[in-house]
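Trainee: Below you will find the structure I want to go over with you.
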Amino acid sequence: MITDARVFQDEFVPSDVVHRDAEINYLSSTLRPITDGDPIEPVCLFGPSGTGKTCLARYTVEQLREEVIDLNTQYVNCWEDHSRFKTLYRILDGIGKTLNIHRQSTPTDVLLDRLRDYEGAPYVVILDEVDQLEDKDLLYDLRRIRNLNLLLIANDETELFAHLDERVASRLQPCTRISFDTYGDDELASILQDRVRWGLRPDVITDAQLRDIADAAAGDARIAIGVLRVAARTASRNDANAIHEEHIEAAVAEAKAEIKRKTEEKLTHHQQVLYDIITERGEVAPGTLYEAYAERVDDPKTKRTMRNYLQKMEHYNLITAVGNDGGREYHLRG
DNA sequence: TCTCCACCGGAATGCTTGGATG
DNA sequence: CATCCAAGCATTCCGGTGGAGA
């Protein structure tokens with residue numbers, strides 16, 4: 001049933017990106033000066049998850065590579081490499097300058113100096129999930145490095161800028177912005193059709209079924225493709241010769257559970273307890289939350305630490321805090 | 001309107017950790 | 001092996017803020 005499993009992976013970048021012509025054209029024309037060796041202002045891609053930001057960025061940069069003989073590129077996911085050190089290390093890695101750098105013996109500023117000394121070919125760095133970067137000042141420093149061209153990806157423009165201090169924000173003001181809207185069901189269904197064409201035997205799934213998947217994914221391409229992957233996998237494990245409704249239903253449930261599990265994996269036990277309490281109650285005031293938490297764990301952390309946890313979970317989009325001081329309540333998200 | 005209270009979140013401080021180094 | 005050191009984590013302290021009630 002599955003002829004090419006790669007096309008269902010999260011990292012897969014298709015050779016042809018559909019439904020984003022305007023964005024691609026705009027992005028490649030913005031990157032155009034690089035082909036002449038000229039630097040560009042940073043480019044910011046904004047939009048909800050699963051709208052093709054990462055995919056399109058990698059695709060366009062890859063296209064650029066085909067045109068420019070001397071070009072270095074690097075993709076950095078700031079969720080995974082969220083500290084200043086790790087991000088810088090990744091960036092240096094892209095130009096092979098990481099020799100003799102160790103966590104202890106090398107202060108982070110040495111990494112920055114080394115990057116400043118870079119004299120080689122134009123360098124394009126994609127910083128994905130840049131809002132997860134802990135030290136936002138790094139953006140300011142990177143911005144000043146010659147030959148370094150930044151492509152920043154984040155969910156929400158206002159939220160990103162709210163977390164930047166004045167100095168960094170004003171440095172990023174002139175950046176080119178490209179916004180991504182959620183996919184419609186039609187677009188999503190046709191994206192799925194392509195994946196089916198590339199990765200599955202013909203006639204194992206109907207267009208109507210693809211629309212069902214698209215509908216369940218609510219505009220998020222990553223979820224849609226994940227559901228398709230799981231449905232195809234279960235169908236082939238059950239030796240079915242086509243994907244049936246029950247495969248899709250199960251896959252939708254599993255995909256949702258998987259997302260929840262993946263985010264929860266990132267939490268410590270204490271954070272999970274807090275998350276559970278909020279899940280159970282739907283919404284809860286700070287005082288009540290702490291009492292419930294302190295009752296459930298053996299050695300509760302302090303209130304201040306709980307606030308740090310909650311802040312982190314809010315940043316991960318697991319919960320939302322409604323209201324500032326006074327009548328604040330924590331809600332579940334998603 | 002003033003005061004008290006709960007809570008937020010920044011900063012400083014101390015403890016732990018894990019890899020480098022001699 | 002013991003030692004060293006920066007990063008990460010939790011805690012303490014504290015100024016600031018909004019809401020409830022005198």
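The values are calculated or read from the model by the stated rules, or taken from the named source; none is laboratory data. Nothing here was measured: the structure is a model prediction, and the numbers come from that model. Cβ atoms come from the backbone with ideal geometry, glycine included; neighbour counts cover every protein chain shown.
Trainee: If you take the residues of the stretch A:310-321 that are farther than 12 Å from A:Thr263 by Cβ and within 11 Å of DNA strand B (Cβ to nearest atom), which of them is modelled with the highest pLDDT?
Mentor: That would be A:Leu310.
Trainee: Looking only at the stretch A:299-328, filter to residues that are under 25 Å from the mean Cα position of the chain (by Cα) and farther than 17 Å from A:Ala285 by Cβ; which one of those is farthest from DNA strand C (Cβ to nearest atom)?
Mentor: Only one residue fits best here, namely A:Asn317.
Trainee: Could you check the stretch A:276-328 and list, in sequence order, the residues that are over 22 Å from A:Trp79 (Cβ atoms), touching a Leu at 6+ places or on another chain (Cβ under 9 Å) and touching a residue at least 24 places away in the same chain (Cβ under 8 Å)?
Mentor: If the condition is that a residue be over 22 Å from A:Trp79 (Cβ atoms), touching a Leu at 6+ places or on another chain (Cβ under 9 Å) and touching a residue at least 24 places away in the same chain (Cβ under 8 Å), then A:Thr279, A:Gly282, A:Glu283, A:Pro286, A:Leu289, A:Met306 are the ones that fit.
Trainee: Let me ask something else about it. Within the stretch A:173-217, can you find the residues that are among the charged types (D, E, K, R) and crowded, with 17+ Cβ neighbours inside 10 Å?
Mentor: Result: A:Asp185, A:Glu187, A:Arg195, A:Asp212.
Trainee: In the stretch A:136-172, which residues are exposed (fewer than 14 other Cβ atoms within 10 Å of the Cβ) and small (Gly, Ala, Ser)?
Mentor: If the condition is that a residue be exposed (fewer than 14 other Cβ atoms within 10 Å of the Cβ) and small (Gly, Ala, Ser), then A:Ala162, A:Ser170 are the ones that fit.
Trainee: Turning to a different aspect of this structure: Out of the residues in the stretch A:24-83 meeting the condition of being in contact with a strand residue (DSSP E or B) (Cβ under 7 Å, 6 or more places away or on another chain) and within 16 Å of DNA strand C (Cβ to nearest atom), tell me which one is nearest to A:Tyr118 (Cα to Cα).
Mentor: Among those residues, the one meeting the criterion is A:Val76.
Trainee: Sticking with this one: Is it the case, given these coordinates, that A:Ala294 is over 30 Å from A:Asp220 (Cβ atoms), more than 7 Å from DNA strand C (Cβ to nearest atom) and not assigned by TED's automatic domain parsing to the domain that holds A:Trp79?
Mentor: yes
Trainee: Considering the stretch A:255-305 alone, what residues qualify as being over 15 Å from A:Leu318 (Cβ atoms) and touching a His at 6+ places or on another chain (Cβ under 7 Å)?
Mentor: A:Val297, A:Lys301
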